[in-house]
Amino acid sequence: MQGLIAFLFVFSIIVIIHEFGHYYFAKKAGILVREFAIGMGPKIFQVRKGETVYTLRLLPIGGYVRMAGHDEDEQEIKPGMMITIVLDSENIVQKLNFDDKLIIENSVPFQIEDADLHKDMTLTGYFINSEEKVTLTVSKTATIVESDGTEVVVAPVERQFNSATLWNRIKTNAAGPMNNFILSILVFIIVGFMQGGVPTNDAIIGQVTEDSAAQVAGLKEGDKVLSIDGVEIHSWDEMTKIVRSSADKALAV
């Protein structure tokens, strides 16, 4: 069980670092990042900061960054759908609620006939108990409460992935794998230091145990053996070969 927990923890760290690469360069390029998710499946926690909602999901087997217009699953909008909307004092839509289990203060029911939340930023349809079709302006900072309760920001076309320059799109896509590559180098360096550096084949004395031949000979940890019985030593392998072939002989080091 501890091994599984350790694996999931390390895997989550790798995922976070990978996805942060995409997230960081998307933000720098002006691409709207709707969601930064850790885990997959049903949402168990969310907090929205600025334009991005940060979610923790039930299955700890991955994660993702939802960039507007980049292979994302947008909330499905069909003619005839009944939702609730929140309007400001100028009748501009500030929130669209597709979660039928959520009741939002000051919201009003609205039946959708058509919606353009990318270019024209309009919502067309009917208020409840009215046969008059209206077209409302949707704010470019409006939010959408999706059917699972996740609240994300609308994505005008200029904030979408494909509107970014080619170079910015390349950097955003490559940033995740690049972060993992950098992480692997850092882990290699850290492990190397923890193990006392990279192993070498030099004839250098390591730990000297009590009453060992090395201690009797006066050798200390870190000493480098230069010669044995006048024979020059160039490697650990050479030293051990001579010692093993002279097990019953006194050697001058």
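Here, each number is a calculation from the coordinates, and none is a lab measurement. Quantities reported herein were computed from a predicted structural model and do not represent experimental measurements.
Structure values in brief
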item: Kyte-Doolittle at least -0.5, axis length at least 20 Å by Cα - qualifying DSSP helices, the chain; result: 2-28, 166-194
item: Most fluctuating residue given options His70, His18, His234, as computed from a GNM of the chain linking Cα atoms under 10 Å; result: His234
item: Considering only the chain, percent of DSSP beta bridges that pair antiparallel, nearest 5; result: 80
item: Whole-number percent relative contact order across the chain, with pairs defined as alpha carbons under 8 Å at least 6 apart; result: 16
item: Helical contribution to [θ] at 222 nm, DSSP H n ≥ 4, -39,500 (n - 2.57), averaged over the chain, rounded to 500; result: -9500 deg cm²/dmol
item: Above-threshold pairs, the threshold being 31 Å between Cα atoms, out of Lys49/Lys101; Lys220/Lys241; Lys43/Lys133; Lys49/Lys78; Lys28/Lys78; Lys28/Lys101; result: Lys43/Lys133; Lys28/Lys78; Lys28/Lys101
item: Among Thr172, Thr143, Thr240: highest mean-square fluctuation, GNM of the chain, C-alpha pairs under 10 Å; result: Thr240
item: Aspartates and glutamates with Cα under 19 Å of Lys119, excluding same-chain neighbours fewer than 8 positions away; result: Glu51, Asp71, Glu72, Asp73, Glu74, Glu76, Glu158
item: Top of Val231, Val134, Val86 by mean-square fluctuation, Gaussian network on the chain, Cα under 10 Å; result: Val231
